[in-house]
1. Among the residues in region 300-320, are any over 40 Å from the mean Cα position of the chain (by Cα), surrounded by fewer than 16 Cβ atoms within 10 Å (Cβ to Cβ), modelled with pLDDT of 95 or more and part of a loop (DSSP other than H, G, I, E, B)?
2. Being hydroxyl-bearing (S, T, Y) and farther than 26 Å from L223 by Cβ is the filter here; which residues of region 319-338 pass it?
3. Please determine, by comparing only the residues of region 187-203 that are β-branched (V, I, T) and under 14 Å from the mean Cα position of the chain (by Cα), which one is farthest from G150 (Cα to Cα).
4. With the requirement that a residue be surrounded by 13 or more Cβ atoms within 10 Å (Cβ to Cβ) and within 16 Å of Y106 (Cβ to Cβ), what does region 62-72 give you?
5. Going through region 187-211 one residue at a time, which ones are surrounded by 15 or more Cβ atoms within 10 Å (Cβ to Cβ), without any contact (Cβ under 8 Å) to a residue 60 or more places away in the chain and not in a helix (DSSP H, G or I)?
6. Can you confirm whether region 332-347 contains a residue that is out of contact with any helix residue (DSSP H, G or I) (no Cβ under 9 Å at 6 or more places or on another chain) and under 17 Å from A242 (Cβ atoms)?
7. Determine whether region 250-270 contains at least one residue that is among the basic types (K, R), outside the structural domain of I141 (by TED's automatic domain parsing), at pLDDT 95 or above and over 35 Å from the mean Cα position of the chain (by Cα).
Amino acid sequence: MQTTTPRRADRHVRHDRPRRTSLLVLFVALAGIVGALVMASRYYEGCQGAGSGPAREVAFTVDEGATAEQVVDGLASEGVIPCGGFVGNLLMRGTGKAGELRAGTYPLSTQMTLDEAVEVLTTAPKKIPTADLLIPPGFRITQIAEAVDGSLGIPADEFLTRVQKGTFDRPPALGANAPLEGFLWPETYRIPRRDDADAVIQRLLNQFTEETADLPWDNAHALGVTPYEVVVIASMIEKEAAVQRDRPLIAGVIYNRLRDGMALGIDATLLYDDPTPDGELSTADIETDGPYNTRLRAGLPPTPIASPYLWSLKAALNPAETPYYYYVLCGDDGGHRFAVTYDEHLTNVDECLG
């Protein structure tokens with residue numbers, strides 16, 4: 001019997017459709033891969049561009065020890081650059097500066113490229129000329145003004161004008177309208193020479209707020225005074241006490257006298273408002289009736305008389321429980337001798353000053 005051609009044709013027809021289907025699937029797969037590569041390429045190119053959206057300033061911080069990956073992700077989350085993650089890290093490595101990032105806070109913009117941002121983050125900031133400003137404990141504002149003039153070249157009269165007329169963020173104890181005397185914190189500061197009087201004053205006020213934040217200010221109510229009056233009392237302690245052991249005792253004397261309605265008799269307040277400002281007290285000075293004459297007037301003077309340091313504020317908020325009402329300078333170390341009665345005090349005066 002003769003073999004017919006249709007059998008071969010049938011075999012051929014059976015295999016033709018699957019081959020075409022396989023080619024179609026392969027074509028679709030290749031097209032998907034090409035499309036994905038195109039999209040990835042476009043994404044990569046987009047990641048090389050600047051951030052989108054309205055421009056805004058960003059204060060970006062690079063923490064000490066931060067990795068390049070953390071920095072890139074932070075830049076992306078702040079909107080500085082378009083992409084973080086894997087692509088962002090590839091681009092960071094491509095800059096060649098991943099190991100040169102510097103810790104600090106930098107001004108960046110949301111419309112920067114990664115290259116532009118990295119240039120800022122790897123460039124050492126320009127050094128700002130500064131000057132040291134020393135304000136010892138017990139300085140009054142006029143003395144602080146002279147120190148500012150000498151260190152920073154800001155005229156003393158300009159500084160005093162701004163103290164009176166400037167608008168500042170005030171420590172809570174200061175209140176809204178009280179003068180700034182007593183609240184310019186005594187310290188050694190490194191001040192940028194570009195700062196004006198207002199910036200210096202605010203720096204000193206901020207330091208007061210920071211240094212005194214943990215003090216027990218609630219004690220003021222139990223002591224019968226306001227937080228502002230605590231600073232007044234601390235300023236007197238600062239001017240009166242030369243040794244640490246005397247501070248809480250002098251505070252105790254002040255509170256005892258206030259409680260009993262006695263005049264404080266503190267000459268440092270008279271010197272603050274000296275009618276004849278020569279650093280000495282004459283009989284006429286002592287007899288001049290004024291708000292700072294605590295020999296003639298009971299109660300506290302209207303303002304602090306100097307900038308107290310932390311030790312005097314602590315004494316004013318934690319006075320010694322003492323029977324003393326009097327004290328007199330006694331001894332070469334600047335310490336005082338204390339007395340309960342006036343007769344005891346007179347004896348101490350004779351022994352210490354006679």
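The values are calculated or read from the model by the stated rules, or taken from the named source; none is laboratory data. On a predicted model such as this, the values are computed, not experimentally measured, just so you know. Glycine also receives a Cβ, built like all others from the backbone with ideal geometry; neighbour counts cover every protein chain displayed.
1. Filtering region 300-320 for residues over 40 Å from the mean Cα position of the chain (by Cα) gives none.
Scanning region 300-320, I find no residue that is over 40 Å from the mean Cα position of the chain (by Cα), surrounded by fewer than 16 Cβ atoms within 10 Å (Cβ to Cβ), modelled with pLDDT of 95 or more and part of a loop (DSSP other than H, G, I, E, B), so the answer is no.
2. Residues satisfying the conditions do not exist here.
3. Within region 187-203, the match that is farthest from G150 (Cα to Cα) is I201.
4. V62, A66, A68, Q70, V71, V72
5. Residues satisfying the conditions are E187, Y189, D195.
6. Checked against the condition, which is being out of contact with any helix residue (DSSP H, G or I) (no Cβ under 9 Å at 6 or more places or on another chain) and under 17 Å from A242 (Cβ atoms), region 332-347 yields at least one hit.
7. yes
For (1) in the same structural domain as D63 (by TED's automatic domain parsing); (2) surrounded by fewer than 17 Cβ atoms within 10 Å (Cβ to Cβ), each residue gets a yes or a no:
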| site | (1), (2) |
| --- | --- |
| G96 | yes, yes |
| G99 | yes, yes |
| R102 | yes, yes |
| T113 | yes, no |
| E116 | yes, yes |
| L134 | no, yes |
| G138 | no, no |
| Q143 | no, yes |
| V148 | no, no |
